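Undergrad: A single structure is presented below for examination.
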Amino acid sequence: MLLSVVVPCYNEEDVLSDLAEKLFTVLGDEGPELEVVLVNDGSSDTTVSIMRRLSAQNDRIRYVSFSRNFGKESAMLAGLVYATGDAVVIMDADLQHPPELILDMLRLHEDGYDQVVARRTRTGDSMGRTFAAKMYYRAVNRLVDVDMQDGAGDFRLLSRRAVDALLQLGEYNRFSKGLFSWIGFPSATIDYENVSRQGGGASKWSLRRLVNYGIDGIMSFNNAPVRLAIYIGAAVMTLGLAYVLFLVIAAIVAGVVVPGYVTLVAAIIGLGGLQLMFLGVIGEYVGRIYYETKQRPHFLVAETESDRGPARTVNRTRDQKHRARPQSGGDFS
Ligand code: UDP
Ligand code: MG
């Protein structure tokens, strides 16, 4: 059996060598044959030269380097496209995902699970973030059609057929958390304690990015937000009609016509805001359609390990020649 470990890397010069070393000490000798696929997501530091060096030293380390930063989703996708293993593990470069866990994942994979998900417990996270995450997942699971778990991130093992299923989903706006859940297949979960980032530096997730990611999660999987517009619109209209009826009756019974300036202004501002908000929601969907119709590749590859020098003889259990090696992400499906 060949196991591929896919690692998306964006400015990870501090940790990359450590990670490779750790992977090989943990998985090197016993167990399945190992292939490490490093994906350089347009790093601005020396990440790519470290990848070149690592892959020159070790045949079992391969790399793909993007022409610019395409984002982690694209990097993971590229890793899945390039991985040739019978099972693929996706993990972060920053050693927040303990490599030792891969052994447990493999054990569960042997029991027949197609997806083995590592779910981090939130011990060590700030209370605010834990609470926000909890609320978010509660809301999302109510809104969208797929089931998403708090703490279950991208660190997971996928069987070959799960990977192939994922590669069939060619959408441009990729939201992996949802896609993993959408493909289904038997899956198992392993809990692990959160480790703080190694190699210094902060997480590359700013608050703004997190919020946008959250909106993506809701938008990617159905049209619930648009449906919400219909419900709220109907509710507001009913309330408005009831209020008008009340005013008319009040005028007839009491004979007073209330000067309703405040009501008027409140209604204009309230409804205007509501309309703008839902115009935004619709716009968001139209924008997504616009991007999908362009059919652009998910990433562009500038360099891979095969550009590095003469072909090497790699001892692989699986005949690789049958698997296409696209130069861009557009034609993987
Ligand atoms: N990453 C990437 N492209 C990006 C941002 C991040 O490939 O544009 C990679 C990064 O190198 C790391 C992983 O995605 O391996 C997770 O990033 P980070 O540790 O910043 O996120 P967090 O752990 O806070 O979710
Ligand atoms: Mg991290």
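The values are calculated or read from the model by the stated rules, or taken from the named source; none is laboratory data. Keep in mind that what you see is a predicted model, and the values were worked out from it rather than measured. FYI the Cβ positions are ideal-geometry reconstructions off the backbone, even for glycines, and counts take in every protein chain you see. Each accessible area value is taken on the protein alone, full model and side chains, heavy atoms only, with ligands, DNA and RNA left out. Shrake-Rupley method; radii C 1.70, N 1.55, O 1.52, S 1.80 Å.
Undergrad: Need the C-alpha centroid separation for region 248-293 versus region 79-97, integer Å.
TA: Distance between centres, Cα-based: 49 Å.
Undergrad: Given a 1.4 Å probe and every protein chain left where it sits, what share in percent of the accessible area of the chain is carbon and sulfur? Provide the component values of the computation, followed by the final result.
TA: Working: 10550 of 17850 Å².
Answer for the chain is 59 percent, counting heavy atoms of protein chains only.
Undergrad: Largest first, how would MET237, MET135, MET219 line up by accessible area (1.4 Å probe)?
TA: On the way: MET237 125, MET135 85, MET219 25 Å².
Final ranking, largest accessible area leading: MET237, MET135, MET219.
Undergrad: Among rounded, prolate and oblate, which fits region 52-101 when a ≥ b ≥ c are the square roots of the eigenvalues of its C-alpha gyration tensor, a/c under 1.5 means rounded, and a/b larger than b/c means prolate? Don't skip to the answer; put the middle values down first.
TA: Details: a/c = 1.30, a/b = 1.05, b/c = 1.24.
Rounded, because the longest to shortest axis ratio a/c is under 1.5.
Undergrad: Mind pulling up the Rg/Rh value for region 77-120? Radius of gyration and Kirkwood radius, both on Cα. It would help to have the intermediate numbers written out before the result.
TA: Details: Rg = 11.0 Å, Rh = 11.5 Å.
Result: Rg/Rh = 0.96.
Undergrad: Over the chain, what is the mean sequence separation of C-alpha contacts under 8 Å (at least six apart), divided by residue count, expressed as relative contact order in percent?
TA: On the way: 467 pairs, mean separation 73.5, N = 333.
Dividing the mean separation by the residue count of the chain yields 22 percent.
Undergrad: Moving on. Among VAL37, VAL144, VAL248, which one shows the biggest mean-square fluctuation in a GNM of the chain, springs joining Cα atoms closer than 10 Å?
TA: VAL248
Undergrad: Continuing with the same structure: Take the chain, connect every pair of alpha-carbon atoms lying under 10 Å apart with a spring to form a Gaussian network, then pick out the residue of ASN58, ASN11, ASN173 with the largest mean-square fluctuation.
TA: The residue that fluctuates most here is ASN58.
Undergrad: Amide H to amide H under 5 Å from LEU300: which residues, 5+ apart in sequence or cross-chain, H placed 1.01 Å off N in plane?
TA: Long-range HN contacts for LEU300: SER67, ARG68.
Undergrad: Between VAL226 and VAL265, what FRET efficiency comes out of the Förster formula 1/(1 + (r/R0)^6) with R0 = 25 Å and r the beta carbon distance, rounded to 0.05?
TA: Details: r = 28 Å, r/R0 = 1.13.
Computed FRET efficiency for VAL265 and VAL226 comes out at 0.30.
Undergrad: Give the dimensionless ratio obtained when the Cα radius of gyration of region 76-163 is divided by 2.2 N^0.38 Å.
TA: Numbers: Rg = 14.7 Å, N = 88, 2.2 N^0.38 = 12.1 Å.
Ratio of Rg to 2.2 N^0.38 Å for region 76-163: 1.22.
Undergrad: Pairs of alpha-carbon atoms within less than 8 angstrom and 6+ residues apart define the contacts here; what relative contact order does region 3-80 have, in percent? Write down the numbers at each step before the final one.
TA: Details: 125 pairs, mean separation 31.2, N = 78.
Here the relative contact order equals 40 percent.
Undergrad: Out of GLU13, GLU110, GLU35, any idea which swings most in a Gaussian network model of the chain, alpha carbons joined below 10 Å?
TA: Highest fluctuation among the options: GLU110.
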